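First up is the structure itself, then whatever we jot down about it.
The values are calculated or read from the model by the stated rules, or taken from the named source; none is laboratory data. Remember, it's a predicted structure, so these values are computed and weren't measured experimentally. FYI the Cβ positions are ideal-geometry reconstructions off the backbone, even for glycines, and counts take in every protein chain you see. Note: areas computed on protein heavy atoms with side chains; ligands, DNA, RNA excluded. Shrake-Rupley method; radii C 1.70, N 1.55, O 1.52, S 1.80 Å.
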Amino acid sequence: MSAPESDADDDQVPAWARRTAGESRWAATAAVIGILLVQYLLPPEYSAGPNWVVPIVGFALLIILVIANPVRLDREDERLRRFSLMLMALLGFGMVWSVSHLVKSLINGTAANDAAGLLGSGAAVWLSNVLVFALWYWDFDRGGPAARAHARKPYPDFLWVQMQNPALADPDWEPQFPDYLYLSFTNATAFSPTDVMPMTRWAKLLMMVQSGISLVTVSLVVARAVNVLH
């Protein structure tokens, strides 16, 4: 007996464009925990208030999301979406606060005169930049992971190589958090798109902002460290 027509049609549609089981939440969860740990370990002058505030609030929101959707990110719920956006906003606030205060201290000359400590703080802030933007790309692309699992939006915000060359990709491939982490890392190091193209205006703007933050952070921290060493 031949397969039902709907099943046959699904076999012709790549995974990213059809309904799937949803991705595991643990890679993105690990990234959130990493950001919160960085926020906790940053020097006080680069933390938003007491260094425990952002991590405590972030962990509380994360626990709610994990309890409500513990294994695969396929549950569409307006309240969960709001909690997710609140967590993304909190992580972004902590990252922007750290970047702005690091840059301010470098410009006005109040940054520590310890090159190793300065490079360590700069690296921590830069890592936060990479992880936060990776989470933002992942949480906003085509409405977020749950919406992608249900194939709610047919047009991608990011054009991946596997979408351009489906014959060279596994039919079950779909973008997951490690792919967005790669996108964020390459954008923060090359200061431009590499092999993942932003398709929508918000994606282009977000990538532009990340590149700008990374460029300013790296150039100022390295310049200051070199000056201290001399």
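Can you list residue pairs whose Cβ atoms sit under 7 Å apart, with the first residue in the stretch 51-75 being more than 27 Å from residue 19 (Cα to Cα) and the second being modelled with pLDDT of 90 or more and among the polar types (S, T, N, Q)? Count only pairs 6 or more apart in sequence or on different chains. Listed by first residue and then by second, the contacts come to 51/39; 54/39; 55/39.
Look at the stretch 163-190: where a residue is farther than 24 Å from residue 131 by Cβ and a partner is open to solvent by 50 Å² or more (accessible area, probe 1.4 Å) and in a helix (DSSP H, G or I), sitting 6+ places away or on another chain with Cβ atoms under 7 Å, you get 169/162. Applying a threshold of 9 Å to beta carbon distances and a minimum spacing of six or more residues, or different chains, the list of pairs starting in the stretch 13-28 at a residue that is in contact (Cβ under 8 Å) with a residue 40 or more places away in the chain and under 10 Å from residue 145 (Cα atoms) and ending at one that is among the small types (Gly, Ala, Ser) and open to solvent by less than 30 Å² (accessible area, probe 1.4 Å) reads 22/146; 22/149; 23/149. Residues in the stretch 12-40 that are open to solvent by 40 Å² or more (accessible area, probe 1.4 Å) and part of a loop (DSSP other than H, G, I, E, B) were compared, and the one that is farthest from residue 55 (Cα to Cα) is 12.
Taking the criterion of being aliphatic (A, V, I, L, M), closer than 30 Å to residue 104 by Cβ and part of a helix (DSSP H, G or I), the residues of the stretch 47-89 that qualify are 53, 54, 56, 57, 60, 61, 62, 85, 86, 87, 88, 89. Residues in the stretch 52-75 that are open to solvent by 30 Å² or more (accessible area, probe 1.4 Å) and closer than 16 Å to residue 97 by Cβ: 52, 53, 56, 57.
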